[in-house]
Each structure stands twice: as C-alpha cells, then as structure tokens.
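Below is one structure, written out as structure tokens; the observations come after it.
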Amino acid sequence: MKDLRSFSAYDAPDVNLKSTGKILKKLRTKNNLAVRDLQNFFGFDYPNAIYDWEKGLKLPNMSNLIALSTLYEVSIDRILLCDEQDFCYLLNYKITFM
C-alpha cells in the first residue's frame, strides 16, 4: 500500500473517455466482432450503449467492463488507464493514438 502521507487520490491515473473508447473499438475490430455481436453478447435491445462507449461519450458500467475484460482477455487497467501519450499493447497489437 502506498503511504497516505505522500500519496493522494489526485496522484492516481485518470480515465480518459476518448482513449478508452478508441481502445474498446480497437479490441472489438481486432477480434473481428461487429457492434451487433456485442449487442447480442450483452443482451441489449439497441446498440446505442456500445456506440457511446466507443465514441468516448460514456464508460461501460463495472459489470460490463468486467465482461469486456474477460471476453478480450485483457486487464481492466489496460482498457481504462491508457492515454493518448502511451503505446498500449493489447493482444500483441500496438495501438497508437494519432
């Protein structure tokens, strides 16, 4: 555990919605899945939530994030904590942000 006297919540990495959306889209396309495939996987009536995630408008809730992490076999922090300055290696695929 970090020392609370020298570490604050503001020192923790931030979740960047736009980067997270790009990563989710790259993971989906890298795995040859369509939005409709994820819609069916989650049992959604409409695909709007998936589009919102991939556009960086919203984040999946925790249950959906765990399901995505399990489906793609990547850790949640690989999905959430990469930003546009990083190179994220997911499924042996280099994702860069330009």
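Bear in mind these aren't lab numbers, they're just calculated from the coordinates by the rules spelled out. The shown structure was predicted, so the numbers you read here are calculated from the model rather than taken from an experiment. Counting neighbours? That spans all protein chains shown, and the Cβs are built from the backbone with ideal geometry, glycine included.
Some points to look at:
- Among ARG78, ARG28, ARG5, ARG36, the ranking by other beta carbons within 10 Å of each residue's beta carbon, starting with the fewest, stands as ARG5, ARG36, ARG78, ARG28.
- As a calculated quantity, the FRET efficiency between LEU57 and ASP14 at R0 = 22 Å, using C-beta atoms, amounts to about 0.85.
- For GLY56, residues with placed amide H under 5 Å, excluding near neighbours: GLY21
- Rounded to whole Hz, the Karplus (6.51, -1.76, 1.60) HN-Hα couplings of the range 47-56, x for glycine and proline: x, 3, 4, 5, 4, 4, 4, 6, 7, x
- Cβ-based exposure ranking for ILE23, ILE79, ILE66, in which fewest neighbours within 10 Å come first: ILE66, ILE79, ILE23
- Within-15-Å neighbourhood charge of ARG28 [Cβ basis; K, R +1; D, E -1]: +3
- With q set to 0.27, 0.28, 0.29 Å⁻¹, the log10 of I(q)/I(0) for the range 1-49, from the Debye formula over equal scatterers at the Cα positions, is -1.04, -1.07, -1.09.
- A full extension of the chain between LEU4 and ILE76 corresponds to an added length of 23.5 nm, given 0.36 nm per residue minus the alpha carbon distance.
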